[in-house]
Amino acid sequence: MVNITISRTFFSFLLIFAFNLHSEDQSDADSFFGREAPVYPSSDHLIGWIDSRQILTLNGEWSYIVDPMNNGLPETSFFGGFPKNKIQKTGMELIEYNFETASKIEIPGAWNALDERLFFYRGPVWLYKKFNYSPKKEALTHLYIEGSNFTTKIFLNGSIVGEFVGGYVPFNFNISKYLKEGENILLVQTDNTLNESSVPTQKTDWWPWGGIIGDVYVVETPKQFIQNAYLQLNPDNFSEALFKLEMNEESSGHMIKLEIPELQFKAEYKTNSLGAITETIKINPQLWSPLNPKLYEVKISSDAETISDKIGFRSIKTSGQKIYLNNYEIQFKGIAMHSEPIGIAGPAFSKAHFQKLLLTAKDLNINFIRAAHYPYTRHLAKVADQLGLMLWEEVPVYWNIDWDNSNTLNIAKNQITRLVQRDQNRASVVVWSVANETPLSSSRMKFLNALLAEIELDDSSRLSTAALLSGSEEQFRSLVLVLALQGAKSQWVSLKEKAIFRLILDQAKIPIESELSFSLSIDDPLGESVDLISYNEYFGWYYVTFFTEQMMISEGTLRKLMFEVMPDIKISSSFDKPIHISEFGAGAKYGNHTNKIWSEEYQAKLYKHQLEMLSNNPQIQGISPWVFKDFRAMLRPLPGIQDFYNRKGLIDEDGNKKEAFEVLADFYKNKWNK
């Protein structure tokens, strides 16, 4: 009788299935092929001081399965359900996937760097890891992921743990209730798809590396633990520091001990009703600087745990148009970079990756790095702390974000908050940046001011900025006239092009005997809100292409004329604040010595003229040319030259130095020496 009942039930199911497939109303059939999405919990508040926690690393070999139709999610269809990890026991079970026999990948690592078949792929990929664990009843266990691009769904032992939207920054989940004694199965779906409402948007000038791009840890804490702690020097009184601490729960009366042994400092404080502490402490540290990157061991203890870190103490601020480190005037002698290691495909994520990048960059005689255009892993700032390099850190609010979308704003706020909370104790980090090259609008202003306010909640001890575009149509028309006047006077210009230049001047009623120079004022209204006026400019590279068709003059002529007028170009701002030139540069293929565009010689020549121009502008107190190393970019297909690399690097992807490398190194050593 039981068998008959089962058969009838199954037969009825088939009839309903068949009927629904042919029904005019497809709602039932749709529910068969696509189920209602479950609730994916959001991640917990970020756990700080991660390197001193009780951790089990899950770095190493993982299995992966590519899922371009997104079939593996439990909500996708009857045929999906990867989290259940159905396996063959007898050889007779029908399965559509097998993680045990699937291809392997090293984590951290981007699957589109490690599997050439996935180089251009943008979509879901599943990552699978087995690990043994013995949970403790009186402890909490968390899964900590340093970075994963760009939407991440996590399953443990078949159960939904949660979802994190937004790449590059760390996140963690409490997984205590999902763990089992012995073998545990962790399944992570990473999806590097971007769209018009994501952060960044779907079009970027860097590679959308997919997968888990930072360390993966199982972290054990007490049930009541220190969530995070902040310790930074008072910028107005170098014998004081602000100490802030928060527990994971709102509970008063926790006794917390703060120790800095080398400074012979030891004190105890009690948490308030919110489980927090805010105190001003008296210390007298050696100040961290590029010439003296002094770090102190700091220990924080409760009855249940001790966390520790190495922290440097320094002050960074501006006054008028100058920048001051520890009350001494300083210039940011910088370079911009992307998070890609030298000689290795994919994203940089380890201490070794960043040590090689930063030690090579120091050959430029720099003291500053712009870490563009997104957060790197925590190892960057920790290495910079040790090497004495100041850092600009940034979130990927890049080009034209969906400014009016509240979900987009929440992603960006979450990114900047997690970046600040992770690196708030790094002495090397002196600048937080909220955007790059964003077009003017009232919605954009509201969006970016919300991000600046988010920074202020956690840390007001550093400079704020955004890399701006500026210059009005009227201003660039005046540049056309300056080029025309220079062309009309130059002996090497052809008679045909001289005639065109004279016609342009006649129409503007400018006598050829005139003296003209070009001035650009950075007037983006965001300048009111930030501490550092940062500006991306490409005189001698992109700007020339804007004018050649309008003027009917060859690019070659305009490029040469641009070099002639560049030393006299004036860059200023109506805001009484220092200017940082956050980008300039030119593309060059290493080994190309044609003396034409894309050659090492052209890049070096552009650097010489740019540096002469910038050193003649007193409001400019920092520069970070674009860029340190050639990096992968889907926007750059030019065969034989770019081959999907942005070639503006001063070294190529393997670390070979181009001629402009020495030009910049000499400038920093001999001409900019504050």
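Brief remarks follow.
- Only one of the listed residues (460, 478) is out of contact with any Pro (no Cβ under 8 Å at 6 or more places or on another chain) and assigned to a loop (DSSP other than H, G, I, E, B). That residue is 460.
- Applying a threshold of 9 Å to beta carbon distances and a minimum spacing of six or more residues, or different chains, the list of pairs starting in region 154-174 at a residue that is among the hydroxyl-bearing types (Ser, Thr, Tyr) and ending at one that is surrounded by 21 or more Cβ atoms within 10 Å (Cβ to Cβ) and part of a strand (DSSP E or B) reads 168/148; 168/149.
- Cβ pairs under 7 Å, 6+ apart, first in region 646-674 and surrounded by 15 or more Cβ atoms within 10 Å (Cβ to Cβ), second acidic (Asp, Glu) and in a loop (DSSP other than H, G, I, E, B): 646/205; 646/630; 647/630; 649/630; 652/630; 653/630
- Test: residue 91 is surrounded by fewer than 18 Cβ atoms within 10 Å (Cβ to Cβ) and free of Cβ contacts under 8 Å to residues at least 60 places away in the same chain: yes
- Residues that are aromatic (Phe, Trp, Tyr) and either over 19 Å from residue 566 (Cβ atoms) or not in a helix (DSSP H, G or I) (or both) within region 482-536 comprise 492, 518, 535, listed in sequence order.
- First in region 548-561 and aliphatic (A, V, I, L, M), second anywhere and exposed (fewer than 15 other Cβ atoms within 10 Å of the Cβ), Cβ under 9 Å, 6 or more apart: 558/545
- Within region 94-134, if we keep just the residues that are of a type in the set (Ser, Thr, Tyr) and in a strand (DSSP E or B), the residue that is surrounded by the fewest Cβ atoms within 10 Å (Cβ to Cβ) turns out to be 103.
- Unique match (being among the basic types (Lys, Arg), surrounded by 14 or more Cβ atoms within 10 Å (Cβ to Cβ), in contact with an Asp or Glu (Cβ under 9 Å, 6 or more places away or on another chain) and under 30 Å from residue 619 (Cα atoms)) among 257, 317: 317
- Count of region 571-591 residues, restricted to those that are more than 17 Å from residue 541 (Cα to Cα) and part of a loop (DSSP other than H, G, I, E, B), is 7.
Here's the yes/no breakdown for (1) under 30 Å from residue 524 (Cβ atoms); (2) in contact with a Phe, Trp or Tyr (Cβ under 9 Å, 6 or more places away or on another chain):
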position: 575; (1), (2): yes, no
position: 580; (1), (2): yes, yes
position: 610; (1), (2): yes, yes
position: 658; (1), (2): no, yes
position: 672; (1), (2): yes, no
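- Of all residues making up region 538-552, the number that are out of contact with any Leu (no Cβ under 8 Å at 6 or more places or on another chain) and crowded, with 21+ Cβ neighbours inside 10 Å: 1
- Residue ID - nearest to residue 606 (Cα to Cα), chosen from residues in region 571-593 that are surrounded by fewer than 17 Cβ atoms within 10 Å (Cβ to Cβ) and modelled with pLDDT of 95 or more: 593
- Search result, residues across region 207-238 that are under 30 Å from residue 637 (Cβ atoms) and small (Gly, Ala, Ser): 210, 211, 214
- Options 194, 140: the member that is of a type outside the set (Lys, Arg), over 25 Å from residue 399 (Cα atoms) and crowded, with 16+ Cβ neighbours inside 10 Å: 140
- The single residue among 495, 532, 469 that is of a type in the set (A, V, I, L, M), closer than 21 Å to residue 575 by Cβ, out of contact with any helix residue (DSSP H, G or I) (no Cβ under 9 Å at 6 or more places or on another chain) and surrounded by fewer than 21 Cβ atoms within 10 Å (Cβ to Cβ) turns out to be 469.
- Of all the numbered requirements in (1) buried (at least 21 other Cβ atoms within 10 Å of the Cβ); (2) within 12 Å of residue 302 (Cβ to Cβ), residue 213 misses one, and that requirement is (2).
- A single entry from 344, 311, 335, 330 fulfils the requirement of being of a type outside the set (Phe, Trp, Tyr), outside the structural domain of residue 266 (by TED's automatic domain parsing) and out of contact with any strand residue (DSSP E or B) (no Cβ under 7 Å at 6 or more places or on another chain): 344.
The values are calculated or read from the model by the stated rules, or taken from the named source; none is laboratory data. On a predicted model such as this, the values are computed, not experimentally measured, just so you know. Glycine also receives a Cβ, built like all others from the backbone with ideal geometry; neighbour counts cover every protein chain displayed.
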